[in-house]
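J.: I'd like to ask some things about the structure below.
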Amino acid sequence: MGTDAAQAVIDELDQLLDQERKAVLAGDLETIARILALKETLIDRVNAIPPQGPRDLRGLTEKLSRNQALLTAAMEGIRAVADRMADLRRVRQTLETYDRTGRRNRQQTPTHGTIERRA
């Protein structure tokens, strides 16, 4: 691969990492998923470039690290939301009280209450 072709791959990956960052910040999961396969391909192509002199890949490395941190934070946020939703679902399905001695009593509540109307 010539230096022009190698630089084109590096530039393409650089632009893709900027797109990925924007998608993560926007919460655009579809774009993130679409970018993933292309990003892996471009990283493989960058890794296949033979060392023909000094290449400055620090910018790519920094962007990759930054995006990984953003993706990790986004995943933690999604997990926190899922945990909170599970907690709310559990609260809706059970009633917890404590007796005089401090023991917890858990009562199941109906999952779908109905109201009967009478005329």
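J.: Provide the net charge surrounding ALA82, with neighbours chosen by a C-beta distance below 14 Å and charges set as Lys +1, Arg +1, Asp -1, Glu -1.
T.: Computed value for this residue: +1.
J.: Report the local net charge at ALA5: Lys and Arg +1, Asp and Glu -1, summed over other residues whose C-beta lies under 12 Å from its C-beta.
T.: -2
J.: What does the extension gain come out to for LEU88 and LEU25, with contour length at 0.36 nm per residue minus their alpha carbon separation?
T.: Taking 0.36 nm per residue and subtracting the Cα distance, the gain is 20.0 nm.
J.: For a paramagnetic label modelled at 7 Å from the Cα of THR109 toward its Cβ, which residues of region 71-98 fall within the zone defined by backbone nitrogen distances under 12 Å?
T.: 88-97
J.: Do you know the relative contact order of the chain, to the nearest whole percent, from alpha carbon pairs under 8 angstrom that are 6+ apart?
T.: 22
J.: Could you order peptides 94-105, 73-84, 31-42, 13-24 by the average number of other Cβ atoms within 10 Å of their residues, highest first?
T.: Packing order, densest peptide first, comes out as 13-24, 31-42, 73-84, 94-105.
J.: Here's a follow-up. How far apart, in nm, are the 7 Å Cα→Cβ label points at LEU38 and ILE78?
T.: Placing both labels 7 Å beyond Cα along the Cβ direction yields 1.9 nm.
J.: Okay, helix-only estimate at 222 nm for the chain: each DSSP H run of n ≥ 4 adds -39500 (n - 2.57), divide by all residues, round to 500 deg cm²/dmol; what do you get?
T.: Taking each H run of at least 4 residues, the total per residue is -24000 deg cm²/dmol.
Just so you know, all these numbers are worked out from the coordinates, no wet-lab data involved. This is a predicted model, so every value here is computed, not measured. Cβ atoms come from the backbone with ideal geometry, glycine included; neighbour counts cover every protein chain shown.
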